[in-house]
Every structure is written in structure tokens, then in C-alpha cells.
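The structure appears below as C-alpha cells.
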Amino acid sequence: KKNKMSSSDEESNGSSQGEEKDMNDLSNTDVINKYRTAGEFANYALGLVVAATVTGAKVLDLCKIGDAAILQKTDTVFNKPVVVDGQKQKVEKGIAFPTCVSLNNVLGNFSPRESDKEVVLQEGYCSKS
């Protein structure tokens, strides 16, 4: 749901022509709710990845656990179609950035592909999710 600014709001914000503007910033409680929900989903996925982070675990499997958790959660919300240019459309949602598990001296953003060499957690490894 998008909040619309009234003419008086536009005048106080320096807008002209009486146009309605979408309020897609933090002044819109719907936007705040979506950010909060996304944070809850990320924390849920992180918890599952951390719980599965044990010696012998494959980094690819850990990343898949996180991605699957996010997809599972996003499938449960915001399922009502929205109207765009007079047409009902499904809300696009899913993974914006893949789950990453970086080991030891790798600073961040390690999310291996199926075709990459298998990386397995060893005793004493430092992992960052």
C-alpha cells in the first residue's frame, strides 16, 4: 500500500502542480513493516546456517540452507497482487543477495556455485555468515 501526499503536503514540501507522489520512504509504515519483516527473515535464516555450521559441513550446503529459508519465508507474505498501470501483478520477491559463508582470511561474499571446488569446514576454521 502506498501513501499519497495531499495537495497541502505537497505545498509544504515545495511541490507544484498538485501531483500525488508515492511515499516509499520511512515515513510510510508499510515500508517500515517490510524492512522489519525482511530483517526477521534474515535472522531466521542466519540462525539455521549457524546451527548447521559444524566441522565437516560443506559451505555450499550452508548457503543453500540460508537461501531456502529465505525463500520459504518470503513465500508466506505479500501474496496479494498489486495494480501497476491498471494491471494486477504478482509482487516480485525472493533473494536479493545470496547467503554467504566466508572462511578464515576471506573477508566476505563467498557463496560458491555447484560447479566450484567443494569447500568443507575443518576444525579450527573461522566462519562468517
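The values are calculated or read from the model by the stated rules, or taken from the named source; none is laboratory data. All of these numbers come straight from a predicted model, not from anything done at the bench. Neighbour counts are summed over all protein chains in view; Cβ atoms, including those assigned to glycine, are modelled from backbone coordinates with ideal geometry. Side chains are part of the model used for accessible areas, which takes the heavy atoms of the whole protein and leaves out ligands, DNA and RNA. Shrake-Rupley method; radii C 1.70, N 1.55, O 1.52, S 1.80 Å.
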Selection over region 53-70 where residues are in contact with a Leu (Cβ under 9 Å, 6 or more places away or on another chain), open to solvent by 30 Å² or more (accessible area, probe 1.4 Å), part of a helix (DSSP H, G or I) and under 18 Å from Val120 (Cα atoms) yields a count of 1
I want to confirm something. Restricting to region 96-105 and keeping residues that are part of a loop (DSSP other than H, G, I, E, B) and at pLDDT 90 or above, which single residue is farthest from Leu48 (Cα to Cα)?
Asn105
Could you check how many residues of region 42-70 are touching a residue at least 24 places away in the same chain (Cβ under 8 Å) and farther than 24 Å from Glu118 by Cα?
2
If I filter region 29-48 for residues that are surrounded by 11 or more Cβ atoms within 10 Å (Cβ to Cβ), in contact with a Leu (Cβ under 7 Å, 6 or more places away or on another chain), at pLDDT below 95 and not aromatic (Phe, Trp, Tyr), do I get at least one hit?
yes
Looking at region 82-129, which of the residues that are closer than 18 Å to Ile65 by Cα and of a type in the set (S, T, N, Q) is least open to solvent (accessible area, probe 1.4 Å)?
Ser102
Thr76 versus (1) surrounded by 10 or more Cβ atoms within 10 Å (Cβ to Cβ); (2) of a type in the set (Ser, Thr, Tyr); (3) in a loop (DSSP other than H, G, I, E, B): which is the lone unmet condition?
(1)
